[in-house]
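The structure appears right after this line, and notes come after that.
The values are calculated or read from the model by the stated rules, or taken from the named source; none is laboratory data. Remember, it's a predicted structure, so these values are computed and weren't measured experimentally. Using ideal geometry, Cβ is built from the backbone for each residue, glycine included, and neighbour counts are taken over all protein chains shown. Ligands, DNA and RNA are excluded from the accessible area calculation, which covers all protein heavy atoms including side chains. Shrake-Rupley method; radii C 1.70, N 1.55, O 1.52, S 1.80 Å.
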Amino acid sequence: FFFFKQKTAYEISACLVGSEMCIRDRYYSSQEKVSCLVNYFQRIMCFSGDELRRKVQYKRIVKDVEDNNYEFWEMLTDNMNDIEIDNQNKIEEQQDCIWVDFANKFIGGGVLKTGCVQEEILFMICPEYLASVLLCEKMQDNEAILIKGGEQFSSYKGYGKTFEFDGDFKDQRQLVPESQMLDTVLLAIDAVNFRLITKKDVQYQNLSLIHI
């Protein structure tokens, strides 16, 4: 079980000191996150048959920084494939694709605290992702974390301070017989922070590129 205490103004970062509204908003979204977890535990207590045999895979991917193939980009002449932009549906509603989690370097970010944006919401509606918080150490710049087979258990509405648990969710994705996993893939990557670097073109130089 995870418990969330209401923070006082002295515990909030400098930009939020004295803002009682922000404190109440964060406390409220934390309560809603607990509702997602309670719903998950209620569901798994009734598991039987294939539900008990279903697997979830957690994999850490490490790219050798000494093995960068910069020439690959220089010799590339193919055009990019068509890109489809969907601004109507949520990430977890997309089928037959990899969900990208723009993660904190400590996977899960503020999911067990007051954080409630993209990564934290995914981990609340698909609580099996929470195991990665225990299994995976801090991600380095050349690392990513791949989670296969996670199931969505809760619906939600809102984002950040407006996040609300919106009832139980029955995931309709089929179990893949060979792997005993659902056909879902989450790729967690932590962006490199270039904001504090004086030379703005550093991120486009060879040393900052990793080809996987």
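Considering only protein heavy atoms and a 1.4 Å probe, what is the carbon-and-sulfur percentage of the accessible area of segment 69-212?
C and S atoms contribute 53 percent here.
If amide hydrogens are placed 1.01 Å from N in the peptide plane, which non-local residues have theirs closer than 5 Å to the one on Val176?
It is Met181, Leu182, Asp183, by chain and number.
For segment 33-165, what is the accessible area per residue in Å² when the probe is 1.4 Å? Let's see the in-between values first.
On the way: 8340 Å² over 133 residues.
Here the per-residue accessible area is 63 Å².
Does segment 137-212 classify as rounded, prolate or oblate by the C-alpha gyration tensor (a ≥ b ≥ c root eigenvalues; a/c under 1.5 gives rounded; else a/b over b/c gives prolate, otherwise oblate)? Intermediate values should be presented prior to the final figure.
Working: a/c = 3.95, a/b = 1.65, b/c = 2.40.
It is oblate, given that a/c is not under 1.5 and a/b is not larger than b/c.
Where Lys and Arg each count +1 and Asp and Glu each count -1, what net charge lies around Phe106 among other residues with Cβ under 15 Å from its Cβ?
-3
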